[in-house]
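*Asks:* Got a structure for you, written out below as structure tokens; questions coming shortly.
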Amino acid sequence: MGKVTGFKEHRRVAAPYRDPLERLADFQEIYTDHDITRLTNQAARCMDCGVPFCQSPDINPISARSGCPIHNLIPEWNDLVYGGQWKDALDRLHKTNNFPEFTGRVCPAPCEGSCVLGITDPAVTIKNIEMAIIDHGFSEGWVEPVVPKSRTGKQVAVVGSGPAGLAAAAQLNSAGHQVTVYEREDRIGGLLMYGIPNMKLDKKKVVERRVDLLRREGIQFVVNADIGDGENATLPVTDILSSVDALLLTTGATVPRDLQIPGRDLNGVHFAMEFLTKNTKSLLDSDLQNGNFINAKGKDVIVIGGGDTGTDCLGTSLRHLCNTLTNFELFPTPPPERAKDNPWPIWPLTFQIDYGHEESAARFKKDPRIYSISTTEFLGDEDGNLKSLETVDVSFENGKFQNVTGTEQTFDADLVFLSMGFLGPEHYVSEPLGLELDKRSNYKAEKGEYQTSVSKVFAAGDCRSGQSLVVRAINEGREAAREIDRFLTGTTELP
């Protein structure tokens, strides 16, 4: 696909972000405008490989990410972009992905880790091309609401409006079912709205634009709807179940992993998602003028844990004008190249520099990360405010962490953000239904079937699989919609 000799003629040139110091002055998206010439050349690098591993399914979704979870037709739209056929490329992209404007911005691109060209050369810039296709489609007016020609009379409720919920709603609506999506926050989007900061995914220009399209296609959205039997619940989940033909739970994995060490209850120790959610809400409500957020301005900030969420805490703290910024990583520094036990086409576990690391280095002249370090205690003042924390270096041997004697240190800290992953879903939605859970406390439902232990109730996304990627949540939402359609009608034409 692409140009037969393109991979020999063009080197990989990824789309640049805006200058780090420039973008630190605002919460606008970090991306630059699309360069059509560069994108055409990059699409030309797509090889005529015998097996396009980039679009192949995961080898093992839990332990070894590879390929595209939604099976994007990557070689096909690369070839179309190379040939200047952007509208056809958009049609190919939408065949497998309801929301390429989301994945083109926030997906870590396991497809690129599995690119056949990546065996010997840097991979094709698949993610850049995907984002350019959908952005070009919107700018040209090609992305329009598609209203079903007829309705089945079946009612489906979706609890949770993150990527899995929205994808399922879009697919079920296209099959003619009447879909209502319930969201406990004040805006639709779930993780897309409040879990990912604005500089990575613009809420008004990108997220709300797609939600408006879905609304115009006939999907109903209900915000401030806390479903279940929790303290703040506004509507019993059993009432919803009794009024619909099928119920899909896409509530996410929202229980964060805690760090239960001395001093945990000091003022200034927060979960990462609390920090990110409050910041985005205040940004959207008042451009941060109402003060209803955790302000890192002038503070010594330490982020414990890495990943996308940890990086987002770095980027947000920098935009607040924090005084210092440090990122603790428990594991050792990743190698610069693939290790022998990390072969292609599995995701490369190599040293990466994300946008927050680049921004921190631009401001403080150093990478913020410290590896192989463990926090042992939070220390505060007489008023209960965090002032510092104590650490020890660790070694990782035979699958276990060991403290290294004599490496104890103390770090000044006014704010600490815990970014250590998530344990599973909250259960005030599932408990009234009596759902069976798996050993990791997720809603038990087989992959590919999505039916829970309760009739008419399905589950998809992180609440079923555990914490994962936006792109995998979209895949689960689409597949769950297919199975719900089959459940409701006895057959299905959904992919």
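*Asks:* Relative contact order, percent, of the range 255-345 when contacts are C-alpha pairs under 8 Å separated by at least 6 residues?
*Replies:* Across the range 255-345, relative contact order equals 23 percent.
*Asks:* Over the chain, what is the relative contact order in percent, taking alpha-carbon pairs closer than 8 angstrom and at least six residues apart?
*Replies:* Relative contact order comes out at 16 percent.
*Asks:* Ignoring ligands, DNA and RNA, what percent of the accessible area of the range 446-487 is carbon or sulfur (1.4 Å)?
*Replies:* 42
*Asks:* Related question: Leaving out ligands, DNA and RNA but keeping every protein chain, what accessible area does Arg184 have, in Å² rounded to the nearest 10, with a 1.4 Å probe?
*Replies:* Solvent-accessible area, nearest 10 Å²: 100 Å².
*Asks:* Please tell me which of these pairs span more than 22 angstrom C-alpha to C-alpha: Lys204/Lys278; Lys95/Lys154; Lys205/Lys365; Lys154/Lys456; Lys203/Lys456?
*Replies:* Lys95/Lys154; Lys205/Lys365; Lys203/Lys456
*Asks:* Using a cut-off of 17 Å between alpha-carbon atoms, which aspartates and glutamates can reach Lys400, once sequence neighbours fewer than 8 places away in the same chain are excluded?
*Replies:* Glu329
*Asks:* If the viscosity is 1.306 mPa s and the temperature 10 °C, what translational diffusion coefficient in µm²/s does Stokes-Einstein give for the range 238-277 when Rh comes from Kirkwood over Cα pairs?
*Replies:* Reported coefficient: 115 µm²/s.
*Asks:* Would you mind telling me the antiparallel percentage of the DSSP bridges in the chain, rounded to 5?
*Replies:* So the antiparallel bridges amount to about 40 percent of the total.
*Asks:* Whole percent per 10 Å bin, from 0 to the bin with the longest distance: what is P(r) over all C-alpha pairs of the range 192-242?
*Replies:* 21, 33, 35, 11, 0
*Asks:* So what is the relative contact order of the range 440-495, in percent, for Cα pairs below 8 Å that sit 6 or more residues apart?
*Replies:* Once divided by the residue count of the range 440-495, the mean separation gives 28 percent.
*Asks:* If a/c stays under 1.5 just call it rounded; otherwise compare a/b with b/c (prolate if a/b is bigger, oblate if not). Do that for the range 170-224, with a ≥ b ≥ c from the square roots of the Cα gyration tensor eigenvalues.
*Replies:* prolate
*Asks:* Amide H neighbours of Val158 under 5 Å, at least 5 residues apart or on other chains, H built in the peptide plane: list them.
*Replies:* Correct list: Thr180, Val181, Tyr182, Leu248.
*Asks:* Just the projected area, averaged over all directions, of the convex hull on the alpha carbon atoms of the chain: how many nm²?
*Replies:* 24.2
*Asks:* May I ask you to order 394-407, 367-380, 284-297, 137-150 by the average number of other C-beta atoms within 10 Å around their residues, highest value first?
*Replies:* 367-380, 284-297, 137-150, 394-407
*Asks:* For n ≥ 4 DSSP H runs only, could you compute -39500 (n - 2.57) per run for the chain, divide by its residues and tell me the 222 nm figure to the nearest 500?
*Replies:* Counting only the DSSP helices, I get -9000 deg cm²/dmol.
*Asks:* Related question: In Å, what Kirkwood hydrodynamic radius results for the range 148-296 from the alpha-carbon pair distances?
*Replies:* One over the average 1/r among Cα pairs gives 16.9 Å for the range 148-296.
*Asks:* Roughly how many debye, to the nearest 20, is the charge dipole of the chain about its Cα centre, given +1 on each Lys and Arg Cβ, -1 on each Asp and Glu Cβ, and no other charges?
*Replies:* Here the chain has a charge dipole of around 1240 debye.
*Asks:* Next up: Per residue, how much accessible surface does the chain expose to a 1.4 Å probe? Answer in Å², no decimals.
*Replies:* With all protein chains present, the chain gives 44 Å² per residue.
*Asks:* Shifting gears a bit: Please report Rg (one decimal) and Dmax (integer) in Å for the Cα set of the range 311-456.
*Replies:* When restricted to Cα atoms, the range 311-456 yields Rg and Dmax of 20.4, 58 Å.
*Asks:* Which one of Leu318, Phe396, Pro57 has its Cα pushed farthest toward the positive end of the charge dipole of the chain, where Lys and Arg give +1 and Asp and Glu give -1 at the Cβ?
*Replies:* Farthest towards the positive pole: Pro57.
*Asks:* List, largest first, the extents of the alpha carbons of the range 393-434 along their principal axes, each in whole Å.
*Replies:* Ordered largest first, the range 393-434 gives principal extents of 52, 35, 11 Å.
*Asks:* In nanometres, what is the gap between the two model label sites at Asp212 and Arg11, each 7 Å from Cα along Cα-to-Cβ?
*Replies:* Distance between label points: 4.2 nm.
*Asks:* Toward the positive end of the charge dipole of the range 343-495, about the Cα centre and with charges on Cβ (Lys, Arg +1; Asp, Glu -1), which of His427, Pro368, Val471 goes farthest?
*Replies:* Checking the options against the dipole of the range 343-495, the answer is Val471.
*Asks:* How compact is the range 30-132 by the rule of thumb for globular proteins, expressed as Cα Rg over 2.2 N^0.38 Å?
*Replies:* The value comes to 1.00.
*Asks:* Largest first, please: the extent of the C-alpha atoms of the range 70-116 along each principal axis, to the nearest Å.
*Replies:* Principal extents (Cα only, largest first): 26, 25, 16 Å.
*Asks:* While we're here: Treat the range 370-495 as a sphere of radius equal to its Kirkwood radius over Cα pairs and apply Stokes-Einstein at 10 °C in a medium of 1.306 mPa s; give the translational diffusion coefficient in µm²/s, rounded to a whole number.
*Replies:* My calculation gives 86 µm²/s for D.
*Asks:* If you don't mind, another one. Add +1 for every Lys or Arg and -1 for every Asp or Glu among the other residues with Cβ under 10 Å from the Cβ of Glu101, and state the total.
*Replies:* Local net charge: +1.
*Asks:* Carbon and sulfur together cover what percent of the accessible area of the range 208-296 at a 1.4 Å probe radius?
*Replies:* With neighbouring chains kept in place, the figure for the range 208-296 is 45 percent.
*Asks:* Sorting check: for 411-417, 235-241, which peptide has the highest mean count of neighbouring beta carbons within 10 Å, and how do the rest follow?
*Replies:* Descending mean neighbour count gives 411-417, 235-241.
*Asks:* Among DSSP beta bridges lying fully in the range 253-388, give the percent that are antiparallel, nearest 5.
*Replies:* 20
The values are calculated or read from the model by the stated rules, or taken from the named source; none is laboratory data. Because the structure is a prediction, the values reported are computed rather than measured. Don't worry about glycine lacking a Cβ; one is built from the backbone with ideal geometry, like all the others, and counts go over all protein chains shown. Quick note on the areas: whole protein, heavy atoms, side chains included, nothing else; ligands and nucleic acids left out. Shrake-Rupley method; radii C 1.70, N 1.55, O 1.52, S 1.80 Å.
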